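Structure first, commentary second.
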Amino acid sequence: MAWRMLRRKEFHTSLLNLAFRADHEGKKHFSNGAIGNLARFCRSDRPKHAASCMPSNHFIIRNFHAGVYMLTWSRKKEDVVGLKAPKKEKRVKKENRTQPPVEARYVAPKPKIATKSPDKTVEIFDGMTLLDLSKRTGAYISRLQGILADLGEKVESEFDSINIDLAELVAMELGVNTRRMHTGEGTNEPRPAVVTVMGHVDHGKTSLLDALRQTSVAAKEAGGITQHIGAFVVEMPSGASITFLDTPGHAAFSAMRARGAAVTDIVVLVVAADDGVMPQTLEAMSHAKAANVPVVVAINKCDKSGADPERVRIQLGSEGLLLEDMGGDVQVVEISAVAKSGLDKLEEALLLQAEMMDLKARIDGPAQAFVVEARVDRGRGPLATAIVKSGTLVSGQHIVVGAEWGRIRSLRDTAGKITESAKPAMPVEIEGLRGLPMAGDDVVVVDSEERARMLSQGRKKKQEKDRLRKIDEGMADELEIKEETPERVEMPIIVKADVQGSVQAVTDALRSLNSAQVFVNVVHVGVGPISQHDIDLAQACGAYIVGFNIRTPPIAITQAAARANIKVLLHKVIYHLLEEMGRAIVDKAPGTAETQVSGEAEVLNIFELKGRSKSKGPDIKIAGCRITDGHFSKSGTMRLLRSGDIVFEGPCSSLKREKQDAETIEKGNDCGLVIQDCDDFQVGDVIQCLEQVIRKPKFISTQSGSVRIEC
Ligand code: GDP
């Protein structure tokens, strides 16, 4: 098939033209754009062969680099490259060709911007030698020694060990990502399980967390009043406890996981007994499976009259979840979050699961922790809720959290009580950071303030470098996209939300509204109310400001936004926010131009205007018509049809009604019509008026809650 395709004269000629130019220019391959043009050429040139042409195009494109042989084929010039060309086959003359062969325009190969570099991640640990680091990063020892010297550290031998923070600083300088490996040495003790609640929207995740929170230690100590800090602890009568992450849904779970924070030990999969397995139930199952986290099923809303827990069991079983009742090991508990029934059974099931997993962690030594939530408090500054994975976090320690640093001024437990230290699986609120970290950031304990500053600076520098690289890559991608969709406009957005988890969820959701016509560019995100800084930034880049779950901005800010003509959208329900943004995006989209038949007319009479002077131009023919459908516009293109065939198409040079010039004429009226350069009217012909309309993209929301823009 591919050879047959190549034999086609027109395709062959253009392909070889291209190939030879590239060959002479010493280019080894073509850019996607050039290949795309080739492929498009092939398809558009022979529409009726389009279907059969596709696989051939792919073949040609895929084999293009190896194509010296193919390119040398059937030409004399190819002897230049010293390959023997295969015997030329007899060319069959095409019959019934009405169009001359089309010469493909030469499209210079587009230089590919080589900005994409794969992200390399190496494992580092305390006490690793310079040689270890050199092997992992692929950099010479001398280069590592040079970087260390710049950091004020002298390491002479390649067998000398270095501190984990130094190893990270060196790796960052080399542009390499790191994963910190912590020693498991020390006393390993049982630790509580960390649990995340997931499931389909409206199945009762939030209600379940609310109900569980009321049984939490914090609620008991504070008389039922709890504050959302990202996690809470439930203590069982036996003394054992369970830590629940307070942000439901898999968006937060996967965002944390994407940042390397594998905090969750067990997933509670909430399925409503009256609704059964739904798309997000399956998504949650996939997330848990991908993270290798065991699931405990909570069949919720069992108090409702339409509840059918058995049906849910069968559905889950048929989706591959090996339930306990069916001989598997996944526990199922029937609950009602509203009636607060079955919660004790759920907690017992979680304890049993944790016992089976034999969860243990190192207790002593420096802590390794992850941020689950971060916010700014007016009086206390940046606050981060972290869950300790191993070791013990102690008040007063210097820490680096993501790219921020600080000295722990105080640690508070979930009840808001000051504590001196935090052990594994214990959520604590850290006060004393210099900046606001993000959910999923790691908490690293360092020796001194100087080391904390250095590490934080190094990480910020690396983040900035990565950000710029990503912009470059984005621009390269943009360039490629622009080739196909020249009119893509940008929609800059600033996202402000109550907590870091919401910021990420809103940002991810907004990005799902990206389309070929509008590029949703989240230029800035932040936790807390809308500030003057946000207004300034929005004004500078023409951005929308999206506020999620934040308080209404003060009047001064609202007025400043109005003066600067900045759109501020405040919402508490993410779907409503997406709906409004979707509408704004559709408005902003340039749309695609489409030709539509706006009206149809029948030619009833033909008039000829003769004897005009030369200066006024040639004789003209006027079609006297009746508009039988729609309307006619003077700005439209006129299409003349005879017995259903198109005879002529051209712009309208005159449209008159009762001898008066008219811009538009509606159905049922008679008119006189002149089509530029057309004198071939016959009585009974049909004339169509064609108009260009702009078709805007559509905002689509599915039942599962996902949204997109369809162009
Ligand atoms: P989420 O979207 O999964 O967080 O669901 P929500 O917790 O917001 O609950 C959605 C709706 O279901 C709310 O109106 C709740 O009152 C209701 N709901 C949640 N759990 C139960 C339950 O156990 N029984 C009944 N009857 N209604 C429930």
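Pair-distance distribution of region 325-475: all C-alpha pairs, bin width 10 Å, starting at 0; shares per bin in whole percent are 11, 30, 26, 19, 12, 2. Between residue 609 and residue 587, the FRET efficiency estimated from the beta carbon spacing at R0 = 56 angstrom works out to 0.75.
Relative to the current alpha-carbon distance between residue 326 and residue 311, full extension at 0.36 nm per residue lengthens the span by 4.1 nm. Look at where the Cα atoms of region 360-435 and of region 130-148 average out, and the two centres are 33 Å apart. Around the Cα centre of region 334-410, unit charges on the Cβ atoms of Lys, Arg, Asp and Glu (plus for the first two, minus for the last two) sum to a dipole of about 520 debye. Using +1 at the C-beta of Lys and Arg and -1 at the C-beta of Asp and Glu, which of 633, 700, 652 has the Cα lying farthest in the positive direction of the dipole of region 564-711? Sorting the options by dipole projection puts first 700. Fewest-first ordering of 168, 189 by other beta carbons within 10 Å of each residue's beta carbon gives 189, 168.
Counting every other Cβ atom within 10 Å of each residue's Cβ, 567, 389 order from fewest to most as 567, 389.
Summing +1 for each Lys or Arg and -1 for each Asp or Glu, what net charge is found among the other residues whose Cβ lies under 13 Å from the Cβ of residue 670? In short, +2. By the gyration tensor of its Cα atoms, with a ≥ b ≥ c the square roots of the eigenvalues, what is the shape of region 515-560: rounded for a/c under 1.5, prolate for a/b over b/c, or oblate? Since a/c reaches 1.5 and a/b is larger than b/c, the shape of region 515-560 is classed as prolate. Projecting the Cα atoms of 505, 566, 601 onto the charge dipole of region 499-619, computed from C-beta unit charges around the Cα centre, puts 566 farthest toward the positive end.
With viscosity set to 1.306 mPa s at 10 °C, what whole-number translational diffusion coefficient in µm²/s follows for region 264-391 from Stokes-Einstein and a Kirkwood radius over Cα pairs? Translational diffusion coefficient: 95 µm²/s. This ranking places 552, 247 by how few other beta-carbon atoms lie within 10 Å of each, fewest first, which gives 552, 247.
Put a dot 7 Å past the Cα of residue 663, heading toward its Cβ, do the same for residue 394, and the two dots end up 8.2 nm apart. Extension gain, residue 457 to residue 508: 0.36 nm times the residue separation minus the Cα-Cα distance gives 15.7 nm.
Full extension of the segment from residue 576 to residue 179, taken as 0.36 nm per residue of separation minus the current Cα-Cα distance, would add 139.1 nm. Cα centroids of region 634-676 and region 560-596: 39 Å apart.
In terms of its C-alpha gyration tensor, region 534-657 has a prolate overall shape, because the principal axis ratio a/c (a ≥ b ≥ c, square roots of the eigenvalues) is not below 1.5 and a/b outweighs b/c. Cross-linked pairs 205/340; 120/360; 621/659; 470/588; 120/470; 465/588: Cα-Cα separations exceed 21 Å for 120/360; 470/588; 465/588. Using R0 = 35 Å, the C-beta based FRET efficiency linking residue 407 and residue 235 works out to 0.70.
We did not get these values from a lab; they are worked out from the coordinates using the rules stated. What you see is a predicted model, and the numbers here were worked out from it, not measured in a lab. Backbone-built Cβ (ideal geometry, glycine too); neighbour counts: all protein chains shown.
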